[in-house]
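Novice: Below is a structure I'd like to ask you about.
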Amino acid sequence: MKLFQQAVTDENDIYVYFEVIRQLQPSSVLDFGMMLKRMGALSRQAMNCRISQNIRLDGVDLYPYIELPIYQIVYDNIYDMKNLPDRKYDLGVMLCMSKSSAFSVIDDFCKHTSMILFDADEEFFLNYFIQRYPCQEMKLEERTFALAYCNR
């Protein structure tokens with residue numbers, strides 16, 4: 001998987017990332033795939049939206065071999081799935097992910113988050129999540145996103 005194939009440029013993806021965090025006001029977010037890195041953001045801001053420094057924003061880096069020191073500042077902590085801390089995050093984000101990069105970690109990711117924001121336009125993700133967790137659908141223009149509630 002090449003980085004340019006996973007870059008995030010869709011305005012709806014970027015908007016929903018920030019808007020869901022703004023509306024839910026979680027105290028902690030676990031960002032699988034590090035959206036801010038993949039969208040090329042150099043801070044916790046994009047499209048006139050921002051994530052407060054009061055929110056613990058930890059990332060799971062899918063591209064650790066691409067070292068950009070700015071993300072040590074943007075994210076509070078950066079992990080890989082093998083070394084996640086023993087804690088529960090209020091919100092997990094799993095947007096713009098390919099099936100191959102996310103499939104093997106979804107259940108483990110749910111163990112670390114109370115709810116997960118995901119791209120429901122991807123049939124695989126939608127089917128996987130709705131068979132296992134209560135979900136709330138969100139529409140944005142012609143796109144569908146959803147929140148899966150991992151605490152049952």
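Novice: In debye, nearest 20, what is the charge dipole magnitude of the range 69-152 about its Cα centre with +1 on Lys and Arg Cβ and -1 on Asp and Glu Cβ, if you could check?
Specialist: Working: 9 positive and 13 negative charges, 66 e Å.
So the magnitude is around 320 debye.
Novice: Might you work out the accessible area of S104 for me, using a 1.4 Å probe with all protein chains in place, and round it to the nearest 10 Å²?
Specialist: 100
Novice: Which residue, chosen from S28, M47, P69, occupies the Cα position most advanced towards the positive end of the dipole of the chain, where the dipole is computed from +1 (Lys, Arg) and -1 (Asp, Glu) charges on Cβ about the Cα centre?
Specialist: Value: S28.
Novice: Normalised radius of gyration for the range 67-122, please: alpha carbon Rg relative to 2.2 N^0.38 Å, two decimal places.
Specialist: Taking the Cα Rg and dividing by 2.2 N^0.38 Å, one obtains 1.21.
Novice: Okay, moving on. In percent, how large is the relative contact order of the range 41-92, given Cα pairs closer than 8 Å and 6 or more residues apart? Spell out each step's value before the answer.
Specialist: Numbers: 33 pairs, mean separation 18.8, N = 52.
Worked out over the range 41-92, it gives 36 percent.
Novice: While we're looking at this one, here's another question. Treat each spin label as a single point 7 Å out from the Cα along the C-beta direction, and report the T144 to D80 distance in nm.
Specialist: It is 3.5 nm.
Novice: Have a look at the DSSP beta bridges in the chain and tell me what percent are antiparallel, nearest 5.
Specialist: 45
Novice: In the range 25-98, how does Rg compare with the Kirkwood Rh, expressed as the Rg/Rh ratio over alpha carbon atoms?
Specialist: 0.92
Novice: Sticking with the crude label model, points 7 Å out along Cα→Cβ, report the distance from C49 to N12 in nm, one decimal please.
Specialist: Here the modelled spin labels are 1.3 nm apart.
Novice: Choose one of Y133, L95, N151: the residue whose Cα lies farthest towards the positive end of the charge dipole of the range 49-152 (beta-carbon charges +1 Lys, Arg; -1 Asp, Glu; about the Cα centre).
Specialist: The listed residue farthest towards the positive side: N151.
Novice: Loop only by DSSP, 12 or fewer other Cβ within 10 Å of the Cβ. Give me the chymotrypsin sites (Phe, Trp or Tyr not before Pro) in the range 44-152 that pass, ordered by residue number.
Specialist: Here the sparse-neighbourhood loop sites are Y65.
Novice: Then there is this: Could you please state how large a percent of the accessible area of the chain is carbon and sulfur, counting protein chains only and using a 1.4 Å probe? The partial results should precede the final answer.
Specialist: Numbers: 3860 of 8120 Å².
Here it works out to 48 percent.
Novice: Sticking with this one: Quick one: compute the contact order of the chain, relative version, from alpha carbon pairs under 8 angstrom and 6+ residues apart, as a percent.
Specialist: 20 percent.
Novice: Share of Cα-Cα pairs in the chain beyond 21 Å, in percent? Display every interim value, and only then the final one.
Specialist: Details: 4441 of 11476 pairs.
When all Cα pairs of the chain are counted, 39 percent exceed 21 Å.
Novice: Between exposed GluC sites (Glu not before Pro) in the chain, where DSSP calls loop and at most 12 other Cβ atoms lie within 10 Å, what's the longest gap?
Specialist: My reading of the result: 68-140 is the longest stretch.
The values are calculated or read from the model by the stated rules, or taken from the named source; none is laboratory data. All figures in this text were calculated on a predicted structure; none of them were measured in a lab. We place every Cβ from the backbone using ideal geometry, glycine too, and count neighbours over all the protein chains shown. With ligands, DNA and RNA removed, areas are computed over all heavy atoms of the protein, side chains included. Shrake-Rupley method; radii C 1.70, N 1.55, O 1.52, S 1.80 Å.
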